[in-house]
Amino acid sequence: MPMTDLPSVLKIKDPIHGYISLTELEKNIIDLRLSQRLRYILGPAGISLVYPGAAMSLMGRTFGFMHMTELFIEYLGGELDDVLKGRLASLLLMLTNGPWANVSDEYLSVRGIDRAKICEIIIDKTEVGDLVEKHGFSKSETKDLIKKGIPLKGLRLDLVHCPINPELIDDLERDSYFAGVEYAQLEFRRLFSSTRIAKNKIAVERSSLFTLESYLSASANMFDAVYFHKTVRAAELMLLRVLDEVGSQLFPLPTEDPSQFFLCDDLTFLHRLLHDEPDDTEEMRKSIRIYSDYSRRNLIKLVSSRALSDPVFLSKLSTPDGLYEIEKEIADDAGIDPVNVYIDFPDRASVTYYPGRFNLDDLVLFERGSGGYEFWKVTDLSPVARSFSRILKPVRVYTSRGYRSKLKKSADAVLESVDTAGSQ
């Protein structure tokens, strides 16, 4: 596969992909303070408490995402200009991360601030906008790369939602390597080489279905073993509770004060939450106690877990008010403070990946027959893909130490009340 002649000014050694080149524009953006803070943000936030070797900063992930985007666009037949746009879009998407990475992503998303909105702020309100214009990109064009996707052969390639996802593939390989689990040994180059753009969709050769299923299986396995690991999620739920309590006291929203938001990293939070002050609010004192337990790995404990398919209940869980209402119902029944009850489910913004995150209806299989190209939905031919559309989802209830026996009966009762009775 011929590679594009990337105008490189710097090479970075990456433990997963080898040497990764940077263009002058990319280097100039990386050198900014808002980019360098990625060195001090770990993600996923809770993974290193279970897998100590996986204490990875977002800086390495940034280079990996850019590199995988470059390869994917090349295999899709993109030219140098397409590659440069794709790499720029992936770099900007990484700059949207706040402290605690995936945890702040959920905190911001429930307040209506998604990655596209933060990218727009980065381009309009920081030095990044001036740099992209200096190197021949307009601000409006750059924002469209995020909002609409990278224009490529009649398709807008959306790096956030694309089912064959360069960011996810880098995450799978990186997290598998540093966590020491061997679930993500996938042949991404073969997958890329079997992929085309057809009928305004991403299409994979039908003969490469096994390679595609290996990618889907690796994703599902990493979800089970790493991203939705009960202890990883316990840690991240505690950090989410801290942000829910005192997020506005720890950092401003990027829509309110972008200059201050882009100065914050994990160390900013670490310093504030390990040092109480005389005028701290009650919410801050409570959050300091939670973070102190987190930092000592004195984590919340799993009380009850059940796979549920009730659409009304799952829909209620997906809203902040509905989630709190169910947590309060369980807490009131057990006679404890709702702050000690945590409910978790897979398709939360803070879960790095979960089966069903990407719409597989946007992906087709193709084969060239005597009458021309034929196409099939992936879910029609792949039982692995079909399993990703299942409604059944594991719902978990956690609590602070000392409340497990009090809470278990109440938590079990609520989850069982919306479950379908089994049959022999």
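Among the residues of the stretch 156-167, are any among the aliphatic types (A, V, I, L, M) and more than 30 Å from Asp224 (Cα to Cα)? There is no residue in the stretch 156-167 that is among the aliphatic types (A, V, I, L, M) and more than 30 Å from Asp224 (Cα to Cα). Taking the stretch 254-263 as the search range and keeping residues that are surrounded by fewer than 19 Cβ atoms within 10 Å (Cβ to Cβ) and in contact with a helix residue (DSSP H, G or I) (Cβ under 8 Å, 6 or more places away or on another chain), which one is farthest from Leu42 (Cα to Cα)? So, considering only residues that are surrounded by fewer than 19 Cβ atoms within 10 Å (Cβ to Cβ) and in contact with a helix residue (DSSP H, G or I) (Cβ under 8 Å, 6 or more places away or on another chain), the one farthest from Leu42 (Cα to Cα) is Thr255.
Being at pLDDT 95 or above, among the charged types (D, E, K, R) and surrounded by fewer than 21 Cβ atoms within 10 Å (Cβ to Cβ) is a description that applies to Glu205. Highlighted here would be strands (runs of 3 or more DSSP E) found entirely within the stretch 311-409 that include at least 3 residues which are under 22 Å from Asn102 (Cβ atoms) and modelled with pLDDT under 95, but there are none. When Thr231, Thr268 are checked against the criterion of being within 30 Å of Leu407 (Cα to Cα), of a type in the set (Ser, Thr, Tyr) and in a helix (DSSP H, G or I), a single residue qualifies: Thr231.
Being touching a Leu at 6+ places or on another chain (Cβ under 7 Å), closer than 30 Å to Pro394 by Cβ and surrounded by fewer than 21 Cβ atoms within 10 Å (Cβ to Cβ) narrows it down to one of Lys301, Lys230, so name that one.
Lys230
Scanning the stretch 367-395 for residues that are of a type outside the set (Lys, Arg), surrounded by fewer than 20 Cβ atoms within 10 Å (Cβ to Cβ) and farther than 30 Å from Arg233 by Cα yields Glu367, Gly369, Ser370, Gly371, Gly372, Tyr373, Glu374, Phe375, Trp376, Asp380, Leu381.
For (1) more than 24 Å from Met59 (Cβ to Cβ); (2) at pLDDT 95 or above, each residue gets a yes or a no:
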site	(1), (2)
Glu141	yes, yes
Ile150	no, yes
Leu155	yes, no
Pro166	no, yes
Ile169	no, yes
Asp175	no, yes
Glu187	yes, no
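Being closer than 21 Å to Leu172 by Cβ and out of contact with any Asp or Glu (no Cβ under 8 Å at 6 or more places or on another chain): is that true of Leu415 here? The answer is no for Leu415. Do we find that Tyr324 is more than 30 Å from Ala203 (Cα to Cα), in contact with a Leu (Cβ under 7 Å, 6 or more places away or on another chain) and not β-branched (Val, Ile, Thr) in this structure? The answer is no for Tyr324. Taking first residues from the stretch 248-276 that are over 17 Å from Arg115 (Cβ atoms) and polar (S, T, N, Q) and partners that are at pLDDT 95 or above and not in a loop (DSSP other than H, G, I, E, B), the Cβ contacts under 7 Å between residues at least 6 apart in sequence or on separate chains come to Gln249/Met284.
Could you tell me which residue of the stretch 1-21 is surrounded by the most Cβ atoms within 10 Å (Cβ to Cβ), considering only residues that are touching a Ser or Thr at 6+ places or on another chain (Cβ under 9 Å) and without any contact (Cβ under 8 Å) to a residue 24 or more places away in the chain? Lay out the reasoning, then the answer.
Step one: of the stretch 1-21, the residues touching a Ser or Thr at 6+ places or on another chain (Cβ under 9 Å) are 1, 6-12, 21.
Remaining after also requiring without any contact (Cβ under 8 Å) to a residue 24 or more places away in the chain: 7-11, 21.
Working: Pro7: 12, Ser8: 14, Val9: 13, Leu10: 12, Lys11: 11, Ser21: 19.
Looking at residues that are touching a Ser or Thr at 6+ places or on another chain (Cβ under 9 Å) and without any contact (Cβ under 8 Å) to a residue 24 or more places away in the chain, I get Ser21.
If you go through the stretch 410-423, how many residues are assigned to a loop (DSSP other than H, G, I, E, B) and of a type in the set (S, T, N, Q)?
Residues flagged as assigned to a loop (DSSP other than H, G, I, E, B) and of a type in the set (S, T, N, Q) within the stretch 410-423 amount to 2.
Note on the stretch 73-102: residues that are part of a helix (DSSP H, G or I) and touching a strand residue (DSSP E or B) at 6+ places or on another chain (Cβ under 8 Å) total 6. Out of (1) crowded, with 24+ Cβ neighbours inside 10 Å; (2) within 16 Å of Gln36 (Cα to Cα), what's the single condition that is false for Thr96? Failing condition for Thr96: (1). Between Ile41, Ile29, the distinction of being closer than 21 Å to Thr231 by Cα, among the β-branched types (Val, Ile, Thr) and surrounded by 22 or more Cβ atoms within 10 Å (Cβ to Cβ) belongs to Ile41 only. Check the stretch 193-204 and report whether any residue there is assigned to a helix (DSSP H, G or I) and closer than 19 Å to Pro44 by Cβ. Looking for residues that are assigned to a helix (DSSP H, G or I) and closer than 19 Å to Pro44 by Cβ, one finds none in the stretch 193-204, hence no.
The values are calculated or read from the model by the stated rules, or taken from the named source; none is laboratory data. No experiment lies behind these values; they were computed from the predicted model shown. Note that we place each Cβ from the backbone using ideal geometry, even for glycine, and neighbour counts take in every protein chain shown.
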